[in-house]
Ligand SMILES: [Zn+2]
């Protein structure tokens, strides 16, 4: 007789409509879906029989998790990106007011004692607000610089949240930028600005459009590739890639 192996912890969800037992393995949890009529003893027996499979599967999943780089909660010492540079977060709690300030390679967040939110939520929310405001100011100024250079002027510059694009230009000449770009290096931001300004001349991605881009930003292919391969422009930030 073999030694009884410890049963993996699992949560049980029963359903009257279900006919079979299903075991769902996640990196940090196991869930068993079972028909209402099946006894707890038989479920335990089945989980016991599958213990080795569950453990192997869980281990494989856990090894894959870092590749997917889950969001990391922001707190003391967290790494943040700012115009391509790494900043280290410093949180000072119980302050009279809330404010964010950058000091060399540190980003200081003073949290007001009046904030009632969970610490992690308060930190993420305050930093996001600060990043968005900074992105707005930065893009206004940087677009002005490129307007002088290219003589292409948008009717308005906006900073927004986009899931799948870095910028956009409307037929009315409004150019918008994804606020996450404030974490990218300046030369990448410049490429996105030149790209959107070039759309003021060509509302498509024709050869003529790309030759306008190339005129003001000759290395555009490199910048495009950087954006396609980047893994760090997310909010909340994920574990930063590379060193
Ligand atoms: Zn475009």
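Every number here is computed from the coordinates shown, using simple stated rules; none is lab data. From a predicted model like this one, the values you see are computed outputs, not experimental measurements. Note: ideal-geometry Cβ built from the backbone for every residue, glycine included; neighbour counts use all protein chains shown.
Things worth noting here:
- Simple spin-label estimate for residue 144 and residue 117 gives 3.1 nm between the two label positions (7 Å along the Cα-to-Cβ direction from each Cα).
- When the chain is treated as a GNM with alpha-carbon contacts under 10 Å, the residue of 170, 51, 20 showing the greatest mean-square fluctuation is 20.
- Stretch gain in nm, segment residue 105-residue 219, where the contour uses 0.36 nm per residue and the Cα spacing is subtracted: 38.2 nm
- Acute angle (nearest 10 degrees) that the helix 51-68 long axis makes with the longest principal axis of the chain, alpha-carbon atoms: 10 degrees
- Nitroxide proxy distance, nm - points 7 Å out along Cα→Cβ at residue 41 and residue 231: 5.0 nm
- Between residue 158 and residue 76, the FRET efficiency from the beta-carbon distance, with R0 = 35 Å, is close to 0.55.
- Over all orientations, the chain has a Cα convex hull whose mean projected area works out to 21.1 square nanometres.
- The packing ranking of peptides 37-43, 109-115, highest mean first, is 109-115, 37-43, where packing means the average number of other beta carbon atoms within 10 angstrom of each residue.
- Each part gets one Cα centre, and for the stretch 123-175 versus the stretch 10-47 those centres are 50 Å apart.
- Beta bridges per DSSP with both ends in the chain, % antiparallel, nearest 5: 55 percent
- Measuring max minus min along each principal axis, the C-alpha atoms of the stretch 11-64 give extents of 36, 19, 15 Å (largest first).
- Listed residues 34, 93, 225, most fluctuating in the chain (Gaussian network, C-alpha, under 10 Å): 34
- Helix 186-198 axis, angle to the chain major axis (alpha carbon atoms, nearest 10°): 70 degrees
- Short-range pairs are left out: with C-alpha atoms under 8 Å and at least six residues apart, the relative contact order of the chain is 14 percent.
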